[in-house]
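Working notes, beginning with the structure itself.
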């Protein structure tokens with residue numbers, strides 16, 4: 001009887017152990033949805049060291065191109081990011097949105113984007129390296145823009161030239177109005193600076 005009890009106890013321990021192992025493996029293995037999401041992010045984010053893609057985007061643009069510089073650690077950017085996506089969906093025929101991330105730490109941008117509803121075909125250029133950031137600053141300087149690393153920062157280009165600079169968190173309806181007016185304004189006539197609603201990365 002004692003031998004049988006001992007055998008049953010061992011069998012019970014083995015069954016519990018197998019169940020625990022299976023439970024852990026099940027949770028460690030990514031679901032098809034998670035795999036698809038990661039694959040989407042892998043094709044959405046492009047690590048950039050030059051501004052060739054941005055220069056190509058703004059060159060001779062027949063409709064406004066809005067460049068949005070942001071980072072996942074910036075609270076004002078997080079507020080503005082979904083509003084810009086919504087505005088693009090509503091006004092997709094009137095302007096093009098270019099997203100520029102200055103996230104440095106690996107995985108932070110991916111983790112943030114996983115919480116957002118991103119449209120198909122969107123591209124995000126990540127200038128997270130020292131080389132990339134210097135290239136971005138050079139792009140801004142070349143076009144006589146005032147970008148100094150503070151975010152959120154936006155600039156609107158039309159026909160290869162910047163026609164607006166926008167700094168800080170700006171309401172969506174203000175942005176809509178600015179985009180509609182952008183084609184009739186010259187640079188420095190169309191600016192909104194809100195330094196109290198900007199962030200800079202703490203080293």
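The values are calculated or read from the model by the stated rules, or taken from the named source; none is laboratory data. Here the structure is a predicted model, which is why all the values come from computation and not from measurement. Positions of Cβ are backbone-derived with ideal geometry, glycine not excepted, and every protein chain shown enters the neighbour counts.
Values for this structure:
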quantity: Lone qualifier among 111, 53, 89 - being assigned to a helix (DSSP H, G or I), in contact with a strand residue (DSSP E or B) (Cβ under 7 Å, 6 or more places away or on another chain) and at pLDDT 85 or above; calculated: 53
quantity: Pick from segment 91-107, criterion touching a residue at least 40 places away in the same chain (Cβ under 8 Å) and over 14 Å from the mean Cα position of the chain (by Cα), ranking: farthest from residue 182 (Cα to Cα); calculated: 91
quantity: Any chance residue 152 is under 16 Å from the mean Cα position of the chain (by Cα), buried (at least 20 other Cβ atoms within 10 Å of the Cβ) and under 26 Å from residue 60 (Cα atoms); calculated: yes
quantity: Complete set of residues in segment 114-130 that are in contact with a strand residue (DSSP E or B) (Cβ under 8 Å, 6 or more places away or on another chain) and assigned to a loop (DSSP other than H, G, I, E, B); calculated: 122, 123, 127, 128, 129
quantity: Residues located in segment 162-183, provided they are surrounded by 14 or more Cβ atoms within 10 Å (Cβ to Cβ), outside any helix (DSSP H, G or I) and either on the phi < 0 side of the Ramachandran plot or in contact with a strand residue (DSSP E or B) (Cβ under 6 Å, 6 or more places away or on another chain) (or both); calculated: 162, 163, 164, 165, 166, 167, 169, 170
quantity: Condition check for residue 65: modelled with pLDDT of 95 or more, crowded, with 19+ Cβ neighbours inside 10 Å and within 19 Å of residue 174 (Cα to Cα); calculated: no
quantity: Odd one out for residue 147, checked against (1) without any contact (Cβ under 8 Å) to a residue 12 or more places away in the chain; (2) touching a helix residue (DSSP H, G or I) at 6+ places or on another chain (Cβ under 6 Å); calculated: (1)
quantity: Flag if residue 84 is closer than 12 Å to residue 116 by Cβ and assigned to a strand (DSSP E or B); calculated: no
quantity: So residue 183, is it at pLDDT below 90 and in contact with a helix residue (DSSP H, G or I) (Cβ under 6 Å, 6 or more places away or on another chain); calculated: no
